[in-house]
Amino acid sequence: MKKAWLLALTLLGGCGLFWDDPYVRVSTSPLNWLEIHYYNATREPIRRTTVRITGSGTVETLNGTSRLVSDSFAKNFDSADWGDVRSHRYNVDPVHVQQVFQDVVNAGLFDRDKVGTKTKHPSRGRLMGVRAALDNKTYSEQVNVFEEDPELAERLYNVVLEFNRPVLGRAKPASPTP
């Protein structure tokens, strides 16, 4: 009887090691980062966008049709679109970045229960991949997020839109005076 009790205690005690809360509180840390790769394949050539955000507030966006946008080790340098890369780098408030990270986590980035709940409808030319390291939790699944988790994909797409072409210090047009 004593051995059975010890075995049950050992098994129950070990269950906590495998349980991992996917909804964590993201801290403001320069070690946190998020990288989103978005592809619009509805036209030729494919339009690529990469947004990389670090916890210190550095945001780097890459746009274009070159494979260099999403693959820094691309080898097709003789391609006609090799040089079609536009890069923008700027800094934003780290507190805002922390809120963006928290929003993505709350949308289910680390929720492993969503894996395998693929939508029945294909993505029709929109592809998205994401990699992240937020408070010692990592995500780097090789899936099209638009098909695996459409709600998370729309949330990530909004992040791409927010940082891809931001309005930084532009003056508002003057309103006509009567």
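No lab work stands behind these numbers, since they all come straight from the coordinates. If you're wondering where the values come from, they're calculated on a predicted model, not measured in any experiment. FYI the Cβ positions are ideal-geometry reconstructions off the backbone, even for glycines, and counts take in every protein chain you see.
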Name the long-range amide H neighbours of Ser66: under 5 Å, sequence gap of 5 or more, or other chain; modelled H, no Pro or chain starts.
Asp84
Net charge near Asn40 (other residues with Cβ under 10 Å of its Cβ; Lys, Arg +1; Asp, Glu -1) is +4
Can you give the extra length, in nm with one decimal, that the chain gains between Val85 and Arg165 once fully stretched, where that is 0.36 nm per residue apart less the Cα-Cα distance?
27.3 nm
Starting from the Cα-Cα distance between Ser72 and Arg25, subtract it from 0.36 nm times their residue separation and give me the gain in nm to one decimal.
13.8 nm
Let me have the relative contact order for the range 37-146, percent, based on Cα pairs under 8 Å that are six or more residues apart.
25
Please state the shape class of the range 20-166: rounded when a/c is under 1.5, otherwise prolate if a/b exceeds b/c and oblate if not, all from the C-alpha gyration tensor.
oblate
